[in-house]
Amino acid sequence: QVQLVESGGGSVQAGGSLKLSCAASGLSFSRYGMGWFRQAPGKEREFVAGISWVDSKYYADSVKGRFTISRDNAENTVFLQMNSLKPEDTAVYYCAARPKYVNMRGSDYDYWGQGTQVTVSF
C-alpha cells in the first residue's frame, strides 16, 4: 500500500521560511517523479514544483527563485524548501507521485498525500 505523508507545515510571517517533507512508502521511490501541489481556499489546485526520477526540477513561475525541491532516495523523501514566503503562498500543500517524470497536471499523478497547511501572515 502506497503512502505519502507530508509534514513541516505551519504558520509564519511574510518573508519567513518553511521546509516541507513528504515521506513515501510502498513504492519504488527512486523510480518515481514527485510533485508538490497546493490548493488555497476557493481556488483550484495548482502545481508548485516537481522533481523527476533523474533529478530534473521544475517550478511554477510564482515560486521560482524562492522555493527549492529536492529528494533523498535513501530516505524515500522529497522536500520543498520555501523561502521569502508571501501571504499568497497560503494553502494546503500536497505531494504526489507518478512514474519517472513530472508534469503540471495533477490528474496524471497516481498517489497523493493528505496535505499540510501553510499559512503566511502579513
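The values are calculated or read from the model by the stated rules, or taken from the named source; none is laboratory data. Keep in mind that what you see is a predicted model, and the values were worked out from it rather than measured. No Cβ is skipped: glycine too gets one built from the backbone with ideal geometry, and neighbour counts run over all protein chains shown. Surface areas here come from the heavy atoms of the whole protein model, side chains and all, with no ligands, DNA or RNA. Shrake-Rupley method; radii C 1.70, N 1.55, O 1.52, S 1.80 Å.
Exactly one residue out of Thr68, Thr77, Thr90 is open to solvent by less than 20 Å² (accessible area, probe 1.4 Å) and not aliphatic (A, V, I, L, M): that is Thr77. Within the stretch 100-122, being closer than 12 Å to Val2 by Cβ and either more than 14 Å from the chain's Cα centre (by Cα) or open to solvent by less than 20 Å² (accessible area, probe 1.4 Å) (or both) holds for Tyr109, Asp110, Gly113.
For the stretch 29-55, filtered to residues that are small (Gly, Ala, Ser) and in contact (Cβ under 8 Å) with a residue 24 or more places away in the chain, the residue that is most open to solvent (accessible area, probe 1.4 Å) is Ser30. Listed conditions (1) over 13 Å from the mean Cα position of the chain (by Cα); (2) closer than 15 Å to Glu6 by Cα are all met by Lys86, apart from (2). Restricting the stretch 8-28 to residues that are within 15 Å of Trp112 (Cβ to Cβ) and touching a residue at least 60 places away in the same chain (Cβ under 8 Å), the residue that is surrounded by the most Cβ atoms within 10 Å (Cβ to Cβ) is Cys22.
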